[in-house]
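The values are calculated or read from the model by the stated rules, or taken from the named source; none is laboratory data. In this text, all values refer to a predicted model and were calculated from it rather than measured experimentally. Using ideal geometry, Cβ is built from the backbone for each residue, glycine included, and neighbour counts are taken over all protein chains shown. When the accessible area is computed, the model is the full protein with side chains, heavy atoms only, and any ligands, DNA or RNA have been set aside. Shrake-Rupley method; radii C 1.70, N 1.55, O 1.52, S 1.80 Å.
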Amino acid sequence: MKMNKFLTFVLAMAMALALAACGSNAGNKDAGGTESDTAYVKEKGTLVVGITDFAPMDYKDNNGEWIGFDADMAKAFAESLGVKVEFLEITWDNKVMELDTKGIDAVWNGMTLTQDVKTLMETSEPYCKNAQVVVISEDRAANYQTEDSISELNFAVENGSAGAEALDALNIRYTAVDTQAKALMEVAAGSNEACVIDLLMAGAMIGEGTSYPNLTTAVELNSEEYGVGFRKGSDLADAFNSFWKSAYEDGTVVEIASTYGVAQNIIEK
């Protein structure tokens, strides 16, 4: 008899735990019963955004706080979800793995919407125009204004970036580095003759009044668009698109873009 009471107690506890587990999982599912990233983010209370040091989109101010056009918009998006934003500096080539393992919830770092990105992630609608551009010392730039002319240069390029893809398409060899900022440093130090970076970054980082006054742009290799990446199938992409439309209409997007000098690159909504 005592054993029966004990078994009844054990079964009751097991059922209670199962119901609790079902309840917690239910919070992460949408109306259709599929996993909801939006519910997952709201439940944990943070939106973890994967970034690199990439002015004017994501970079640190004098107090060590992440700022920039993308960083400020990410803060606003997180606020619209009722959560806090957390920025995590990632190795760019590992961005998909970071998403899939839930190390981060979004990649928001001036990310070019390449075919690979759109295949491996759930991406937002494009929000910004960009190009990949060759950066070289000012005294040599006049000699490198065509794709054919740059084939003789040795390049530094961020590993896994759109710039690397552009050079791969031209069969031009390069040294892979961790970030676009490091690629610029390689050219400034004379370790490499040129690099390929985003046009938006070039506008903020090189030329008169910057840390690299003797560097300038040469040939543009393509034109492209930026988007935000989420886990494949994530409903956060739709949440982002709705947020962005509202933020554009109320002037928030243009106001923040003007702060960082990228208003002319924003795609109208």
Top positive-direction residue, dipole computed over the chain with Cβ charges, set 80, 107, 161: 80
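Would you mind counting up the charge near residue 247? Only other residues with Cβ under 12 Å from its Cβ, with Lys and Arg at +1 and Asp and Glu at -1. Don't skip to the answer; put the middle values down first.
Numbers: positive: 75, 245, 269; negative: 72, 79, 249, 250, 255.
Result for the local shell: -2.
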Per-pair calculated FRET efficiency, R0 = 45 Å: residue 35 and residue 154 via Cβ, rounded to 0.05: 0.45
Nearest-10 value in Å² for the accessible area of residue 91, using the 1.4 Å probe: 80
Which label in (1) 1.13; (2) 1.04; (3) 0.93 gives the computed Rg/Rh (Cα atoms, Kirkwood Rh): (1)
Over the stretch 148-261, relative contact order from alpha-carbon pairs under 8 Å, at least 6 apart, %: 19
The stretch 199-210 - phi-based ³J(HN,Hα) in whole Hz, Karplus 6.51/-1.76/1.60, Gly and Pro as x: 4, 4, 5, 4, x, 8, 10, 10, x, 4, x, 10
Peptides ranked, highest mean first, by Cβ atoms within 10 Å: ranges 161-168, 202-209, 261-268: 161-168, 202-209, 261-268
Positive minus negative residues near residue 91 (Lys, Arg vs Asp, Glu; Cβ under 11 Å): -4
Whether the stretch 157-269 is rounded, prolate or oblate, judged on the alpha carbon gyration tensor where a/c under 1.5 counts as rounded: oblate
Heavy-atom accessible area order for 248, 226, largest first, 1.4 Å probe: 248, 226
Sequence-distant residues sharing a close amide H with residue 156 (under 5 Å, placed H): 175, 194, 195, 196
Cα-based equivalent ellipsoid, the stretch 160-200: semi-axes from gyration tensor eigenvalues, Å: 16, 12, 9
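Pairs to check: 95/269; 60/182; 182/232; 75/95; 44/129; 44/245. Give those whose C-alpha atoms are more than 22 Å from each other in this structure.
Numbers: 95/269 27 Å; 60/182 15 Å; 182/232 30 Å; 75/95 20 Å; 44/129 33 Å; 44/245 25 Å.
As for pairs spanning more than 22 Å Cα to Cα, those are 95/269; 182/232; 44/129; 44/245.
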Ellipticity estimate at 222 nm from DSSP helix runs (n ≥ 4, -39,500 (n - 2.57)) divided over the chain, nearest 500: -11500 deg cm²/dmol
Antiparallel %, DSSP beta bridges [both residues in the chain], to 5: 60
Fully extended contour minus Cα-Cα distance, from residue 46 to residue 169, at 0.36 nm per residue: 40.4 nm
Computed over the chain: relative contact order in percent, which uses C-alpha pairs under 8 Å that are six or more apart: 24
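Please give the charge dipole size of the chain, origin at the Cα centre, charges +1 on K and R Cβ atoms and -1 on D and E Cβ atoms. Round to the nearest 20 debye.
Working: 19 positive and 42 negative charges, 320 e Å.
Roughly 1540 debye for the chain.
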Within-13-Å neighbourhood charge of residue 230 [Cβ basis; K, R +1; D, E -1]: -4
With every protein chain in place, the chain: carbon and sulfur % of accessible area (1.4 Å): 50
For the stretch 58-74, Karplus couplings with θ = phi - 60° (6.51, -1.76, 1.60), whole Hz, Gly/Pro x: 9, 7, 9, 7, 5, 9, x, 8, 6, 10, x, 4, 5, 4, 5, 5, 5
Under-5 Å amide H pairs with residue 234, H placed in peptide plane, nonlocal only: 122
